[in-house]
Amino acid sequence: MVFDLKAATRTPPKVVKVRVRRYNPETGSSWWQEYEVETYRGMTVLDALLRVKAERDHSLVFRYSCRMGVCGSCGLVVNRRPRLACQTQIAEVASEGRPVVELEPLYNFRVLRDLVTDFTEFFGKHRAVKPYIMRRDVREREEPTLEYSQTLDELAEYYEYSLCISCGLCDAACPVYASDPNFLGPQALTQAYRYVADTRDELWEERLRFLDVEGSIFKCHFAASCSAVCPKMVDPAGAIQRLRSTLLKYKIRLYRKTRIAKVVPPMEKREPPKPLPPEATLVEGVDLKLIEEEKPVIPVEKLLTT
Ligand code: SF4
Ligand code: FES
């Protein structure tokens, strides 16, 4: 999701109408309820909901925890777009011309009450792709004594996908997820790729074989709405394409993981690096001796007196 950074400097309309899609599981009834909320500059959708709950209607139910875009629990639909309530400023979604903020529970999730949805199926699918490092040496994995060695390039292969906070916004925006209950969804598939791409994972074939049978991965028709709403720029649509290509190549025997991270002693127990031979410190055309003797731009004495 591209953040509207300018919104942080804008002043929202003085008063906004917060329209909430409510649901009562005891009676099975669903209705829109409207609250007028006085705003302030920097007010988020979550702040507005908290104000409604504190001052107007304590029966209103919604979920949140960290208030800083980290826990992923405050996801809802704001003016028809899945967003994090704590990361969305009122000024981003309401204007003087249209001072209305419509809030609904996440699409494609079962509603428990008002804005709170059931994540049981979501986490079931997440668990199904085995979102953890699998090694043949189970004892070392469970009670590690050593470390896995990984280069920065290898880390870069999956780092972006490890930023997922499991907020479910991508699944709420996915048209395939809406129509096919067997589709694992962008979040779970992204995590599957995150571990397939991780060189520390040794049993990646197990995960690929599972995905080949389950999850209808080839049903994704690249609407890319998942990536458009992701608050952490994870790009689930890109991960699914990469996973799909890996799986296809694997099926026709064109893909093998070329490097599996080795276990190495922890940093403090490793042998210190051997000193470089004197000739290795000579850089052609540069007199290192001169550089060492070069006076600092600001004399140290001056630094000490200021
Ligand atoms: S991929 Fe993005 S939108 Fe989907 S669950 Fe993870 S953080 Fe949320
Ligand atoms: S409250 Fe944690 S992400 Fe919004």
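The values are calculated or read from the model by the stated rules, or taken from the named source; none is laboratory data. Just so it is clear, the structure is predicted and the values come from calculations on it, not from any experiment. All Cβ positions, even for glycine, are placed from backbone atoms using ideal geometry, and neighbour counts span all protein chains on display.
Among the residues of the stretch 219-243 satisfying the criterion of being of a type in the set (D, E, K, R) and modelled with pLDDT of 95 or more, which is farthest from ALA172 (Cα to Cα)? Within the stretch 219-243, the match that is farthest from ALA172 (Cα to Cα) is ARG242.
Table: residues versus (1) within 16 Å of ligand 2 (Cβ to nearest atom); (2) over 19 Å from the mean Cα position of the chain (by Cα); (3) surrounded by 17 or more Cβ atoms within 10 Å (Cβ to Cβ); (4) closer than 21 Å to ASN24 by Cβ.
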site: LYS53; (1), (2), (3), (4): yes, yes, no, yes
site: ASP57; (1), (2), (3), (4): no, yes, no, yes
site: TYR64; (1), (2), (3), (4): yes, no, yes, yes
site: CYS71; (1), (2), (3), (4): yes, no, no, no
site: VAL77; (1), (2), (3), (4): yes, no, yes, yes
site: ARG80; (1), (2), (3), (4): no, yes, no, no
site: ARG83; (1), (2), (3), (4): yes, no, yes, no
site: THR88; (1), (2), (3), (4): yes, no, yes, no
site: VAL93; (1), (2), (3), (4): yes, yes, yes, no
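Of all the listed residues (ARG81, ARG19, ARG51), the sole one being in contact with a strand residue (DSSP E or B) (Cβ under 9 Å, 6 or more places away or on another chain), in contact (Cβ under 8 Å) with a residue 24 or more places away in the chain and either in the same structural domain as ALA224 (by TED's automatic domain parsing) or basic (Lys, Arg) (or both) is ARG19. Among the criteria (1) within 11 Å of ligand 1 (Cβ to nearest atom); (2) in contact with a strand residue (DSSP E or B) (Cβ under 8 Å, 6 or more places away or on another chain), the one ILE165 does not fulfil is (2). Inspect all residues belonging to the stretch 14-25 and state whether any of them is more than 16 Å from ligand 1 (Cβ to nearest atom), within 16 Å of GLU92 (Cα to Cα) and loosely packed, with under 13 Cβ neighbours inside 10 Å. Within the stretch 14-25, one or more residues are more than 16 Å from ligand 1 (Cβ to nearest atom), within 16 Å of GLU92 (Cα to Cα) and loosely packed, with under 13 Cβ neighbours inside 10 Å. As a summary of the residue check, ARG41 satisfies the conditions (1) in a strand (DSSP E or B); (2) at pLDDT below 95 except for the one numbered (1). In the stretch 165-190, the residues that are more than 16 Å from CYS71 (Cβ to Cβ) and without any contact (Cβ under 8 Å) to a residue 40 or more places away in the chain form Cβ pairs under 9 Å with partners that are more than 16 Å from ligand 2 (Cβ to nearest atom) and not in a helix (DSSP H, G or I), at six or more places apart or across chains, as follows: ASP180/SER216; ASN182/GLU214; ASN182/GLY215; ASN182/SER216; PHE183/CYS174; PHE183/GLY215; PHE183/SER216; PHE183/CYS220. Just to be sure, is SER225 out of contact with any Phe, Trp or Tyr (no Cβ under 8 Å at 6 or more places or on another chain) and under 21 Å from GLU121 (Cβ atoms)? In short, yes. Being among the aromatic types (Phe, Trp, Tyr), under 28 Å from GLN33 (Cα atoms) and within 14 Å of ligand 1 (Cβ to nearest atom) is the requirement here; does PHE123 meet it? The answer is no for PHE123.
Here the stretch 85-111 is the region considered, the condition is being of a type in the set (S, T, N, Q) and away from ligand 1 (no atom under 16 Å from the Cβ), and the residue that is farthest from SER73 (Cα to Cα) is SER95.
Which residues, taken from the stretch 149-162, are over 15 Å from the mean Cα position of the chain (by Cα) and within 16 Å of ligand 1 (Cβ to nearest atom)? Residues satisfying the conditions do not exist here.
Only helices (runs of 4 or more DSSP H) whose full extent lies in the stretch 100-219 are considered here, and the ones with at least 2 residues that are crowded, with 17+ Cβ neighbours inside 10 Å and small (Gly, Ala, Ser) are 169-173, 186-196.
Checked against the criterion of being of a type in the set (Ser, Thr, Tyr), within 19 Å of SER73 (Cα to Cα) and either at pLDDT 95 or above or touching a Phe, Trp or Tyr at 6+ places or on another chain (Cβ under 8 Å) (or both), the stretch 131-144 contains not a single residue that satisfies it. If you go through the stretch 175-199 and pick out every residue that is of a type in the set (D, E, K, R) and at pLDDT 95 or above, you end up with 2. For residues that are in contact with a Ser or Thr (Cβ under 6 Å, 6 or more places away or on another chain) and outside any helix (DSSP H, G or I), scanning just the stretch 235-259, find the one that is surrounded by the most Cβ atoms within 10 Å (Cβ to Cβ). Top of the filtered list is ASP235.
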